[in-house]
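Presented below is the structure to which this report refers.
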């Protein structure tokens, strides 16, 4: 099944299909839509069928069937049917702002002038008649068509809500004259001449009659259309992708996207999972902001992962002078009601680097590294939790660069 709806503002096409074999059914749907605010592509798929074969899979270690282990018994209907739904979407949100490149139009008090285009005298402000001369269209083996003189009215306007101005062109009603025409009995096909009368004589033994079409007059009603007086290139808006899976055991959604803000670009990643198996459940949210300042890419990222057994939070604040030159600070904090806490820290600037891994139950293991024109200092240390003001050096070294007398 294919459905198409389209006009000047909205377009939508939908394709649906379904296949059923015995007790299994496969369905899918593809939909593309476009309007003034967004363009999106949605794809849906569904698979349904019996789950009796899972009951026959028995695991001796657990002394249960696979249906019992996966806890599908409570989610299966009386017919024993299982299902799997999957969906994905790609959405582009349009930006109403952008660059407008207008035609080199000179607007005067009573007229407008486009360089290179000769206009007649105007009857009113910003109103211009354009005249076309009558002409004849005469093609081989076709009737002659006479086009009349047409006075086209052109109006220049800037409506509200439009990105660029446009010309509204009004074509008045007119008449096309199609001359008298006799249908040919012979006409060329490639390098040969096709004689219809000769072919008819061989088949039916009679001559084709001569058919003459009388002169006809075709009435063309008045109509209007608009032509933009420039080109509008919109700014990038927002692009988002989403994937979802729904089943009796596992329900999950993932979405990622890119948004163009006023002074920066924002990226995001979201994921959520619910399940009959608790260890599979989690929530993930990551948001990043990025912008160019003074020739450098400044980036900030924050991510949070929530799980039944632990939670993690990541924070990063840094800048890139180039693809390999990053300066900034990053933290990763992991907390758990069942396990110990764990904290990672990393910091880097022009002449130094430091990193550490800390746990309240043990202490902190760290590295300090600093460089200048003459020295490189490295210190690997351990800081006990019981003595947080003491650093016990595990490995400490210093390299010095000394110029020779020959230099």
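None of the figures in this text is laboratory data; all of them are computed from the coordinates on show. Computed from a predicted structure; not experimentally measured. Cβ placement follows ideal geometry from the backbone for every residue including glycine, while neighbour counts extend to all protein chains displayed.
Per 10 Å bin, what percent of the C-alpha pairs of the stretch 186-253 does each bin hold, from zero upward?
Calculated over all Cα pairs of the stretch 186-253, the distribution is 11, 13, 12, 11, 13, 13, 17, 9 percent.
Could you tell me the relative contact order of the stretch 214-280? Use alpha-carbon pairs under 8 Å, at least six residues apart, and round to a whole percent. Show your work: numbers first, answer last.
Values: 76 pairs, mean separation 15.7, N = 67.
Computed value for the stretch 214-280: 23 percent relative contact order.
What list do you get for 250, 401 if you sort them by fewest beta carbons within 10 Å?
On the way: 250 16, 401 9.
So the residues, fewest neighbours to most, are 401, 250.
May I ask for log10 I(q)/I(0) of the stretch 240-281 at q = 0.16, 0.33, 0.34 Å⁻¹, from a Debye sum over the Cα atoms as equal point scatterers with solvent left out?
-0.51, -1.05, -1.08
Order the peptides 197-207, 251-261 from the highest to the lowest mean number of other Cβ atoms within 10 Å of their residues. Show your work: numbers first, answer last.
On the way: 197-207: 10.5, 251-261: 15.7.
Listed from highest to lowest mean packing, they are 251-261, 197-207.
Compute the Cα gyration tensor for the stretch 139-205, then decide on rounded, prolate or oblate, letting a ≥ b ≥ c be the square roots of its eigenvalues: rounded whenever a/c is under 1.5, prolate when a/b is larger than b/c in the other cases, and oblate in all that remain.
Values: a/c = 5.03, a/b = 3.08, b/c = 1.64.
The shape class here is prolate.
Taking the number of other C-beta atoms within 10 Å as the exposure measure, put 15, 324 in order starting with the fewest. Each step should come with its number before you reach the end.
Values: 15 14, 324 6.
Exposure proxy ranking, most exposed first: 324, 15.
Remind me, what semi-axes does the stretch 270-407 give for its equivalent ellipsoid, largest first in whole Å, using sqrt of 5 times each Cα gyration tensor eigenvalue?
Values: eigenvalues 264, 119, 17 Å².
After scaling each eigenvalue by five and taking roots: 36, 24, 9 Å.
Is the stretch 125-272 rounded, prolate or oblate when judged by the Cα gyration tensor, a ≥ b ≥ c being the square roots of its eigenvalues, rounded requiring a/c under 1.5 and prolate requiring a/b larger than b/c? Walk me through the intermediate numbers first.
On the way: a/c = 4.39, a/b = 1.70, b/c = 2.59.
Here the stretch 125-272 falls in the oblate category.
I'd like the distance between the alpha-carbon centres of the stretch 1-19 and the stretch 275-346, rounded to an integer number of Å.
A separation of 42 Å, based on Cα centres.
Rounded, prolate or oblate: which one fits the stretch 209-317, using the alpha carbon gyration tensor with axes a ≥ b ≥ c (rounded when a/c is under 1.5, else prolate when a/b beats b/c, else oblate)?
On the way: a/c = 6.36, a/b = 1.98, b/c = 3.21.
Oblate shape, in that a/c is at least 1.5 and b/c is the bigger or equal ratio.
Taking Cα pairs under 8 Å and at least six residues apart, what relative contact order does the stretch 156-229 come out at, in percent?
Numbers: 108 pairs, mean separation 34.7, N = 74.
That works out to 47 percent.
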